[in-house]
Structures are given as C-alpha cells and as structure tokens.
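Working notes, structure below.
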Amino acid sequence: MANGNSNRENKNSNIPFYENENGLFAMPADLSQATQHRLIIPPPEASYEESFVYEDEDRWQKPLPAARRPVQQDRRQTQSMQRTTDAKGSWNNLTQRVREIGQMMRTGGNNSSGNNAGQYFGKKPYKSWHAYLYVGIITVCFLFMSIIAVMMMPQMAGYFWKDFDNFAFINGELLPYDREKVAMFQQYRDYAARDVIYPGVFIDGISVGDMTMEEAKAALSGSAAANQQVNTTPYSVTVAIGDKTWQVDQTNVPAVRNLGNVLERAYAIGRTNTIDIQITQQTPFRQRVNQLMDLRMNGINLTTDVTYDTEAVRKIVNEITAYVNRDPINAQILSFDYKTRTFSFSDDYPGIQVDSEMLYERIIAALDAGQQGAIVTTNLALTPASITKDDLTSDFSLIAAYTTDTTSESNRNTNISLACQAINGTALLPGEVFSFNKATGERTTDKGYKSAGAIAAGQSIEEVGGGICQVSSTLFNAAARADLEIVERSPHAWPSTYVDRGEDATVNWPNLDFKFKNNTEAPIFIITYYNDRKMSAEIWGLALKDGMTIDLESKVIRTIEPSIEVKYVQNPELPFGTSQTKVKSRTGYVVETYKVWYQNGQEVKRELLHTSTYNAYQQVVEYN
C-alpha cells in the first residue's frame, strides 16, 4: 500500500487524499481554485484509470459473497435479474463519465479540451452574457408589473394616489379613475339600492315615494281616497220582480281592492330593464338610473281597481230564484153547503219560473259598468194552473154515488154513522191517497163506537165498531165508479148481504185497510152520510170526459161446495149437555169483477178490476 502511494504522488502530487477504514481515496477538487472553463469537459485521451487512486489490496477485487437464492427460478425472476444487470451497466457507465469529468476539472483543461467536451456532448460552448440577458428581462418584467400594480391600486385595494392619476380596467379598457364620476356613481348606486318605492310613484293620487311596501299599504288603507273607494258604494243595483225588490251593493257583495298587486307594480318601477337596451350602448344600471331620474321629474300614477265577489252575486240570484219560483196552484174546494149541495172554491195561481242565468248576467253587466242605482229585472215564465176556479165552478159536479141499506140493529147503525161522520168532507188533491183506517182511526168506545156483529176467522163475532165494513164497501163502490185508482181492497170471509159478490171491501184495525188514490188532475170531495137505515157515499169532482159513466159487474166463475159432514168440537165452557153452531156451512165462490164504461147508455169498454175468492166453510158445532 505504501508503494501505491508513492506511485500516485509521483504522478500528481497536488491531489489531496482521504483515508478511512476501507482505504485511501482522492478528495474532490476545489472548484474555487479552478480556472474558468466549460462546465463539462470530456476526458483526456489518456486512460481514465490514471485519474483515480485505488487500493492495491486484493480485497478490492474480491467478489462480494453471493446471496442465497431459491433453487427454482421462474421466468419472472430471470427477467428481473436481467433488468438488474442492465441497470448496473448503466450505473457503471454513468460512474465512468463522472470520473472523467472530475479528472478534467482537476487538470484545469484547455481550449482544446473544451472543444472536445463540446464535441463529446454535442452542444455549443457556453457563453457568459446569457445570464445578464436573463437578469435584464426579469428586471424589466418586474418593473412593468409594479407599474400595473400601482395603476390598479385604486381598483384592487381601494387606495387612491394623490400625486398622479389613477386608472382602472372596465370592460377590457384602461380608463382614468375620475373621483367625481365615482362619487356620482356611488350616489346613484346607494339611491337605487334602497328598499323603498322610488320617489315619483303615486297610487290613486297619493305619493308613496320613499315608502316601504308596508308603509305604503298602511297609508293607502287609511287614506280618505281609499275609504271613499271601498267603504262607500262604488256600485248599486236593484233587482225588481213584481212588487218585490232586492238591493245588490257592498253590504251583501263585498268589494275587493287589488292594492297588493298595485303595490308590487309600484315597487318594481325602476328595478327592471326594458328590451330597448339591446339596441343601445347603455348598461343595465345606466338605464335604470335614467328611469329613476325621469321618475323624479315626471312621476307616474297607478290606480287600484275595486272588484266584487261573483260568488256572492250568485248566492243572491239563488235566493231571489227560490223566493219567486213557485209551482202552479190549482183552485181548491173551500166549503160545501149540505143544504144547497153547492161548493165554494179558492182562486188558482199560475206557476212562476225565474230565468236565473239571465238575471245573473244582467247583474254582472250592471256591476261591470259601474252603474249606481241601476234597476235590473228578468223574464218570468208563467205556467197556468191545471185546475182553475172557473173550471171547478163550471164542471165540478157529482161523479159517482152509491147507497146501501143497513139493518135495524141499533149499535151497528151507530157505528156506521160515526164512520161516515169521520170520512165526510174529505178532500183529496191530485195524487193523494185516501186511507179508511187513517180517516176513521181506531174504533174505540171512547169515540162512541159500540159492540156489534162482525166477521172474524170465518165466524160471526161481537166487537166494538162492528158493521163499519158496510161504510168501506159502499165507499169502494162509489170510488170505483168514479174511475179512481183502487190501491188496497180485500173481500170478506163470505159474501156480504148489502153489496153484490166481489164488490165488498172489508177493514179491520190495523192490518186490513181500504185505500184509493186520486188519479185525476182535479181535487175530489168525498161525502158520506147515514140516514134512515141507508148509508151513502158520493165522490165529487170534475165529471168524466165525453159524458162517460162507469158501473161494476161481477160474475161467479167457480163455486166451492163445503163438506156435508158436521164437525163437532167439544167446548168445556158450555153448559153440560148443550151445543151450539160455531161456524155455519157456507158455499165458497170465485168472483170476477169488471169495470164497464158506458156512453149514452151503450157499453164502450170493459176491463177486469179484480178477482175475489170466498172460501167454503164446513159446519162446526161445539158441545159439552
């Protein structure tokens, strides 16, 4: 190792050395003592190995101990080792070039070597004046940016220079900063930014400038003009129909003022732009400022409108219609004089129908026109009564009557008389139904009814109100001959002696009833009375058309013979050794009853009215 050092000192004694535990190495060259030359100098033609000092010991040339590797290596490991070998070769080449550059820097180099370096790296020789050029350019740019910053100081930072002009970029142009114009602009901006209605705006002649929306609403709501417009009568229409009038004004049709919409319009004035700006060079702000200035000079007046509630008008029309509209009222029977057998009648009244749609449209038209004191009417449709007083006076007469003979039994005749009195004088309007049980009510002793013979369960019994079936049967015959509609009728258990078979109508409280309906267009009047063992029923009304009369005709279509055997039934309540007939033997019948129309004594029509069945009864005798 000492020999190696001697050899290197002989070659270049100016190179300092560094020694550590691994050996002796050459120190880097001191660039401060080197002469000016190109930054990169190619190596001399001499071998580069002479430019560095190496240890002569054999350990530098001994290979590093090989690392343990897996016995099996796949293709990927082989490629990785290949890339590692290539990287090591590139690193060695780079190391070799660095060493060459270091050697040239220590030797100082010369022009020829500098030229060789230029040729080695393929670049032109470095020139020192480039640095001064770069520095100059940077300085000029800095000064230019500083000037711009100074000029833009008012716009960017709000700082204004006192000794020289200020500038600002506006819409891509560099414009001088005019203090007076800026102050005027700020004044306009503050003026336009206020949250009030701008001066020069009037509503209904009242200035609302410099007022907020709430202040303007309060001022207009409490103003005399507003009160006059809303609280007084801006419209008044009188509806007259006949001798009745209805008033339509603010008391029943509330007035509504569109103050809110007008206030919004007032607030928007000066805050919007028009399409005219598209053909000018004005900015939107300049146009609004011009509007505000013109508003201060000329002003603008907005007016509110008072409208009415159409639903309230419709309600009034409906009330008028309900009051005026009525159906025709036919003449009615007022009284009947039994002595003279004459009637008195009420007046008839035509029906009235209001054209409600026409009335509504006329009222709306008068209100839209702002008319005060206008009188509105409408057409009335009159419907004459179907039965007039004149009709009843001239044509009201006896339509049909029927009379039956009663017995001499006093209690029975009393019951018949009481039932006639309950029914007598009954008037039926068209469409109404007469009910025997409803007209007489329950037959009780309190009403004066007495116990008399009656039919129940196929046998004769004594009951209160017995005998009134003769009243219902007689009335049935009169109603059928008056061409009234029979609604409910039932035959007796066996045929009655006071009417023909099939022409009776039994009743019993409350399950059996006799009903008929007034199916004519005129009222009918019912007269029933008992006199001298005769019971009569009369139907008064408009006479049948064309002089027609109706009669009933019945015929037996089948006879039902009873059993000839007598049925004996023991009755312990009877005295011992006595008997009595409980049910008599009676023959049954099936009877058809027809309505027959006659004109001038000739039959013109016949139709089946109903079929009656009277059951046959076996004789029943009770004994004890």
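For Ala427, are the conditions met, namely being touching a Phe, Trp or Tyr at 6+ places or on another chain (Cβ under 6 Å) and either more than 30 Å from Gln580 (Cα to Cα) or open to solvent by 50 Å² or more (accessible area, probe 1.4 Å) (or both)?
yes
Provide a single number: the residues in the stretch 451-489 that are surrounded by fewer than 19 Cβ atoms within 10 Å (Cβ to Cβ) and at pLDDT 95 or above.
Qualifying residue count for the region: 4.
Of all residues in the stretch 325-371 being touching a Lys or Arg at 6+ places or on another chain (Cβ under 8 Å) and within 17 Å of Pro384 (Cβ to Cβ), which is surrounded by the most Cβ atoms within 10 Å (Cβ to Cβ)?
Ala331
Name the residue that is surrounded by the fewest Cβ atoms within 10 Å (Cβ to Cβ), counting only residues in the stretch 570-605 that are assigned to a strand (DSSP E or B) and without any contact (Cβ under 8 Å) to a residue 24 or more places away in the chain.
Checked the stretch 570-605; the qualifying residue surrounded by the fewest Cβ atoms within 10 Å (Cβ to Cβ) is Gln602.
Can you tell me which of (1) crowded, with 19+ Cβ neighbours inside 10 Å; (2) in contact with a strand residue (DSSP E or B) (Cβ under 6 Å, 6 or more places away or on another chain) is the one Leu418 doesn't meet?
Condition (2) is where Leu418 drops out.
Which of the following residues is of a type in the set (Ser, Thr, Tyr), within 30 Å of Ala255 (Cβ to Cβ) and either modelled with pLDDT under 90 or over 31 Å from the mean Cα position of the chain (by Cα) (or both): Tyr323, Tyr338, Tyr349?
Tyr323
The values are calculated or read from the model by the stated rules, or taken from the named source; none is laboratory data. The structure displayed is predicted, hence computed values, not measured ones. Note that each Cβ is placed from the backbone with ideal geometry, even for glycine, and that neighbours are counted across all protein chains shown. Note: areas computed on protein heavy atoms with side chains; ligands, DNA, RNA excluded. Shrake-Rupley method; radii C 1.70, N 1.55, O 1.52, S 1.80 Å.
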